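The structure appears right after this line, and notes come after that.
Every number in this text was worked out from the coordinates using simple rules, so none of it is lab data. None of these values were measured; they are calculated from a predicted model. Methodologically, a virtual Cβ is constructed for each residue, glycine included, from the backbone with ideal geometry; neighbour enumeration extends over all protein chains shown.
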Amino acid sequence: MKFTDTLFLGVIGLLFYSCSSSQDASSQSEINQNQDNKLAIEFNNGIIAKSIAESYPELKQTWKIAPNFSDEFNYEGKNAEFKKNWNDTYFNGWRGPGLTEWTSNNSDVKGGNLIISATRKPNTNRVYCGVITSKKELKYPVYTEVRAKVANQVLSSNFWFLSKDDKRELDVLEIYGGDRESEKWFAANAASNTHVFLRNDSDNSIIKDINKSVKSKLVDGSPWRNEFHTYGAYWKDAFTVDIYYDGKLVNKIRKESIQDPANLGLNREMFMVMDLEDHDWRSRKTPPITPTDKELADESKNKYLIDYVRTFRPIEKK
């Protein structure tokens, strides 16, 4: 075959490939848009949107999904779909609190779930934990929620938000889900918290942590780890956040509970974080409340599962 013939066939093949790739991308975009529209319709007809409308009748709004902070995790592995919106690392160089050591090896997407796991760092007392953070920062007004099954560990399973300057924090979910006899109270009480941090500008150390925590229990008092539950927040403005668990309003965060001496409240853009953590206020106790090698090695206990994260922005009704 002549070189010119080969070149001609190659160009034709490339054109067909480009057209095919463009069609595939267009089809996928259309599928995603249809899914987003379906989720927005369901949300607008759902209990959360109705509850917000009743609580704030002055708001004439409907809701549209925010794709940069939403994911159904209906794919396998941390592929290009995952990497559009998420990092499998913390948003800065911090390795984690207490005995935590965040690592990208302890997160995956499989079977329709984001899987965040915990394992022992070999030959140490440290705990490898997965962490997922949004690539972009989020700011009110939004409603955001996860449907998740917390890990059966004395570690904390979390869904939270933190500003880049580390001075404002909103914890939608913070729970120690382990099944130890001594941990029954913690496993049955899920916390939603706010933090206003006063920090030393020279080394970012905490001078003061102004915080407020509200604990929420299931009606029957059973541990949250047993089932998937939804954990969400309507972040209306800097001084108004409503926390919803399974569609029920469990915490109203207002100016008086935030207690910000600068009178700014939760006024900053924040990164979304989904992770596991070992907290030093527990691991420093005598005896320490930290997972054992056996607990961390148990594949039925060492995973925090997130079925989806969905975030909606209000838009004015037409």
Among the aspartates and glutamates, which have Cα under 20 Å from the Cα of LYS301 when same-chain residues fewer than 8 positions away are ignored? GLU101, ASP108, GLU174, ASP179, GLU181, GLU183, GLU227, ASP275, GLU277, ASP278, ASP293
With a 10 Å cut-off between alpha carbons and a GNM built on the chain, which of SER117, SER257, SER202 moves the most? SER202
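What FRET efficiency do you get for ARG268 and GLU227 if R0 is 35 Å and r is their Cβ-Cβ distance, rounded to the nearest 0.05?
Details: r = 34 Å, r/R0 = 0.96.
Efficiency, rounded to the nearest 0.05: 0.55.
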How far is helix 3-44 tilted off the main Cα axis of the chain, in degrees rounded to 10, range 0 to 90? 40 degrees
Pairwise label distance in nanometres, SER205 with ASN45, each label 7 Å out on the Cα-Cβ vector: 5.7 nm
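How large is the helix-only mean residue ellipticity at 222 nm for the chain, computed as the sum of -39500 (n - 2.57) over DSSP H runs with n ≥ 4, divided by its residue count, in deg cm²/dmol to the nearest 500?
Rounded to the nearest 500, the figure is -7000 deg cm²/dmol.
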Please compute the modelled spin-label separation between GLN35 and ASN74, points set 7 Å along Cα→Cβ, answer in nm with one decimal. 0.5 nm
Within the chain, percent of DSSP bridges classed antiparallel, to nearest 5: 95 percent
Which ³J(HN,Hα) values in Hz, rounded to whole numbers, follow from the phi angles of the range 100-114 under the Karplus curve 6.51 cos²θ - 1.76 cosθ + 1.60, where θ = phi - 60° and Gly and Pro get x? 5, 9, 5, 8, 6, 6, 9, 9, 7, 10, 7, x, x, 10, 7
Applying 1/(1 + (r/R0)^6) with R0 = 51 Å to the Cβ-Cβ distance of SER55 and LYS294, what FRET efficiency is obtained, to the nearest 0.05? 0.65
Give the distance, in whole Å, between the Cα centre of the range 50-85 and the Cα centre of the range 93-142. 21 Å
Residues with amide H under 5 Å of TYR244's amide H, sequence separation 5 or more or different chain, H placed in the peptide plane at 1.01 Å from N; which? GLY232, ALA233, TYR234, VAL250
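Say R0 is 41 Å: what FRET efficiency, to the nearest 0.05, do LYS285 and THR89 get from their beta-carbon distance?
0.90
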Under the rule rounded for a/c under 1.5, else prolate if a/b exceeds b/c, else oblate, using alpha carbon gyration tensor axes a ≥ b ≥ c, the range 219-318 is classed as prolate
Gyration tensor (Cα) of the range 46-109, equivalent ellipsoid semi-axes in angstrom: 34, 18, 11
List every residue whose amide H lies under 5 Å from the amide H of VAL154, counting only residues 5 or more places away in sequence or on a different chain, with H placed 1.01 Å from N in the peptide plane. GLY178
Under the 7 Å Cα-to-Cβ spin-label approximation, THR62 and LEU249 lie apart by a distance in nanometres of 2.4 nm
Please name which of TYR75, ILE41, THR62 has its Cα lying farthest along the dipole of the range 29-81 towards the positive end, using unit charges on Cβ (Lys, Arg +1; Asp, Glu -1) and the Cα centre as origin. THR62
Please express the Cα-Cα pair-distance distribution P(r) of the chain as a list of whole percents, one per 10 Å bin, running from 0 to the bin with the greatest distance. 6, 24, 32, 22, 9, 4, 3, 1, 0
Which lysines does LYS294 reach when only Cα atoms under 17 Å apart count, and residues fewer than 8 places away in its own chain are ignored? LYS121, LYS303
Considering only ASN45, ASN302, ASN211, give the residue with the highest GNM mean-square fluctuation for the chain, with springs between Cα atoms whenever their separation is below 10 Å. ASN45
